[in-house]
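*Asks:* Let me begin by handing over the structure; questions about it come next.
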Amino acid sequence: MNTRISLLFLASIVAFWSPALAEDSHADQHGHQEAEAFNPSNFIIHHVADAHDIHLWGDTHIPLPVILYSDQHGLDAFMSSAFEGHGETRLAERPSGVTYALSHGHIAVHNPAHNHDHSHEGHGDHGHHDHAGPHLYDLSITKSIFGMLLMMALMLVLFSGMARSYAKRPGQAPTGLTNALEPLVLFIRDEVAVPNIGAHKADKFLPFLMTVFFFIFFANLLGLVPFLGGFNVTGTLGITMVMAAMVFAITTINGNKHYWGHLFWPPGVPLFVMPIIIPIEIVGLFLKPIVLMIRLTANISAGHIIILSFVSLVLIFGQGGEALAAGYGIGIFSTAFMIFMYCLELLVAFLQAFVFTLLAAIYFGEATQEAHH
């Protein structure tokens, strides 16, 4: 009975999600009234890429703060709803007299002299690369940054409440949400940190490992919630790059004499092999965080792309009356496969958080282990 209810719930999610995504695909074609071939690439990239607003459905958006700085115009802050117009490039006129152009997620100072020719050729998205205006520092709260801050606030509330619950009920069994989170906390401590770092050293790294695991896990789940703008927090390269850089920094700072000795002079290796082994070890030192970053980004983005690709199949085969039957046929197959992919993505949401945390713990353990005699 529970299995049937779960499948019905997932089918309902996909059934509601697919029309919303289909409607969004038509909203992406602003200003194009004539019939035009559906472009799945633009549709998928639009939902996976970062943005300066949260796109819910159709023309419904939640604006986000835009914060810009340039040497010529100074600091300027406004909401993304200030950008007006249709097509690939939207403009925002500020009271200071400067006009900003938003094109494919990039903001630049609008220069009509350099954008005029492109606007007639349908290449307005390249106009902002040709301007001779000041360089802008974009400090805006984008969709991914908003999702990151949302997850951090959620974790602060959840684990603060968890700590208060333990303080109020010392020695008693946890209840409510604390009871649901405790197995995950114990799993990271007993099955990830302690076996790979050591019982005496694990406590030093547990705060970071716990934070990384739950941040990635919750952010992955957020990206699977329909009608919330298609967050792709852990699929954003900038965010995963920072997390990987933090793992690299912690590993490097805590590396002991044994760790660095193994790196620059591996024991038991013949002398004539050292010129080959040492460069490989040094490259591996930087390659580890890069692999962490790419693995997480690619796996999370791939799941979103696969689901959106099957939505695109319905839209492609459903164009035109002669292809209506094919659209229904593909729609049934795509919906069934999307339910399967949705279930798989729930597993991947946990698995990628676990793998990132596990590898980080292994790196910390390698950096702090003592020499064995």
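*Asks:* By accessible area of protein heavy atoms, probe 1.4 Å, what ranking do Trp57, Trp260, Trp265 get, highest first?
*Replies:* Highest to lowest solvent-accessible surface, that is Trp265, Trp57, Trp260.
*Asks:* Taking amide hydrogens as modeled 1.01 Å from N in the peptide plane, which residues meet the under 5 Å criterion relative to Asn39, leaving out close sequence neighbours?
*Replies:* For Asn39, no residues qualify.
*Asks:* According to a simple spin-label model (label point 7 Å from Cα along Cα-to-Cβ), what is the distance in nm between Leu347 and Val157?
*Replies:* Inter-label distance under the simple model: 3.2 nm.
*Asks:* How much of His61 can a 1.4 Å solvent probe reach, expressed as accessible area in Å² and rounded to 10?
*Replies:* Solvent-accessible area, nearest 10 Å²: 70 Å².
*Asks:* Next question. Quick one: which residues, 5 or more positions from Ser140 or on another chain, have an amide H under 5 Å from its amide H? H modelled 1.01 Å from N in the peptide plane, none for Pro or chain starts.
*Replies:* The answer is Ile67.
*Asks:* If the chain between Ala249 and Ile282 were fully stretched, how many nm would it gain, using 0.36 nm times the residue separation less the Cα-Cα distance?
*Replies:* 10.4 nm
*Asks:* Shifting gears a bit: Contour minus end-to-end for Ile339 and Glu182, with contour as 0.36 nm per residue of separation and end-to-end as the Cα-Cα distance?
*Replies:* 53.6 nm
*Asks:* How high is the FRET efficiency between Ala77 and Ser41 when r is their beta carbon distance and R₀ equals 35 Å, given to the nearest 0.05?
*Replies:* For R0 = 35 Å, the calculated efficiency reads 0.60.
*Asks:* If Ile54, Ile277 are ordered by their accessible area, calculated over protein heavy atoms with a 1.4 Å probe, which sequence runs from highest to lowest?
*Replies:* Output order, biggest surface exposure first: Ile277, Ile54.
*Asks:* Shifting gears a bit: Quick one: grab the alpha carbon gyration tensor of the stretch 163-296, order the square roots of its eigenvalues as a ≥ b ≥ c, and give me rounded if a/c is under 1.5, else prolate or oblate depending on whether a/b is larger than b/c.
*Replies:* oblate
*Asks:* Once ligands and nucleic acids are excluded and a 1.4 Å probe is used, how much of Arg295 is accessible, expressed in Å² to the nearest 10?
*Replies:* 80
*Asks:* In addition: Quick one: if you stick a label point 7 Å off each Cα along the C-beta vector at His106 and Ala173, how many nm between them?
*Replies:* 5.9
*Asks:* Kindly report, to the nearest 10 Å², the accessible surface of Lys288 as traced by a 1.4 Å probe over protein heavy atoms only.
*Replies:* 70
*Asks:* Oh, and also: HN-Hα J couplings of the stretch 285-299 from phi, Karplus 6.51/-1.76/1.60, θ = phi - 60°, integer Hz, Gly and Pro as x?
*Replies:* Values per residue, Gly and Pro as x: 4, 8, 6, 4, x, 5, 5, 4, 5, 5, 4, 5, 4, 5, 5 Hz.
*Asks:* Largest first, how would His46, His304, His200, His104 line up by accessible area (1.4 Å probe)?
*Replies:* His200, His104, His46, His304
*Asks:* Calculate one ³J(HN,Hα) per residue across the stretch 240-256 by plugging θ = phi - 60° into the Karplus curve 6.51 cos²θ - 1.76 cosθ + 1.60, and present them in order as whole Hz with x for glycine and proline.
*Replies:* Couplings: 5, 5, 5, 5, 5, 5, 5, 4, 4, 5, 5, 4, 5, 5, 8, x, 9 Hz.
The values are calculated or read from the model by the stated rules, or taken from the named source; none is laboratory data. Source: prediction; values computed, not measured. Please note: Cβ atoms are built from the backbone with ideal geometry, for glycine as well, and neighbour counts cover all protein chains shown. Each accessible area value is taken on the protein alone, full model and side chains, heavy atoms only, with ligands, DNA and RNA left out. Shrake-Rupley method; radii C 1.70, N 1.55, O 1.52, S 1.80 Å.
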